[in-house]
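Written below as structure tokens is the structure these notes are about.
The values are calculated or read from the model by the stated rules, or taken from the named source; none is laboratory data. These numbers were taken from a predicted model, which means no experiment stands behind them. No Cβ is skipped: glycine too gets one built from the backbone with ideal geometry, and neighbour counts run over all protein chains shown.
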Amino acid sequence: MSHTLSQNVPRVHEHSRTRNKEGWFGSEVTVYISGNWTTYRSRILSYMRQLAIITPYAEFTLDYTFRNKPKRAFSVKYARRAQKMPPLAKEVRACGWCLAATRAKQRCGVLIVLATLAHR
């Protein structure tokens, strides 16, 4: 899977399913990072930490392996902190002020983009 930042759309390169002989549940995601890992490491660990905070009912494990240098491998585990799932969110009507502010920002954004294009 790769991700287009301009459109915020993931591109799945391979999706597979395996038999569940052990009876586990959940998802396993394998990610290959090409580039400067020393730059990405802190950001990825920060993202995992934030994900663990906002989803206390899930368990996250990050297993990092380095093909050429096995000594650099490490594992980080964020344990499940809640046993009960939160109730489903209720749908509510949007606030009139919020809608007006959002529409104003959208209109201003379009005007700013048009003004920028006109100056080129």
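Some observations on this one:
- Subset tally (residues that are among the charged types (D, E, K, R), loosely packed, with under 10 Cβ neighbours inside 10 Å and in a helix (DSSP H, G or I)) for region 17-51: 1
- Odd one out for K21, checked against (1) modelled with pLDDT of 85 or more; (2) within 23 Å of the chain's Cα centre (by Cα): (2)
- Pairs where the first residue, in region 27-56, is in the same structural domain as E14 (by TED's automatic domain parsing) and within 29 Å of A82 (Cβ to Cβ) and the second is surrounded by 12 or more Cβ atoms within 10 Å (Cβ to Cβ) and of a type in the set (D, E), C-beta under 9 Å, 6+ apart: A52/E59
- Meets criteria (closer than 23 Å to E28 by Cα, at pLDDT below 85, surrounded by 11 or more Cβ atoms within 10 Å (Cβ to Cβ) and not acidic (D, E)) for F66: yes
- Residue match in region 28-42 (condition: aromatic (F, W, Y), modelled with pLDDT of 80 or more and farther than 22 Å from V12 by Cα): no
- Among the residues making up region 49-100, none is of a type in the set (S, T, N, Q) and touching a helix residue (DSSP H, G or I) at 6+ places or on another chain (Cβ under 6 Å).
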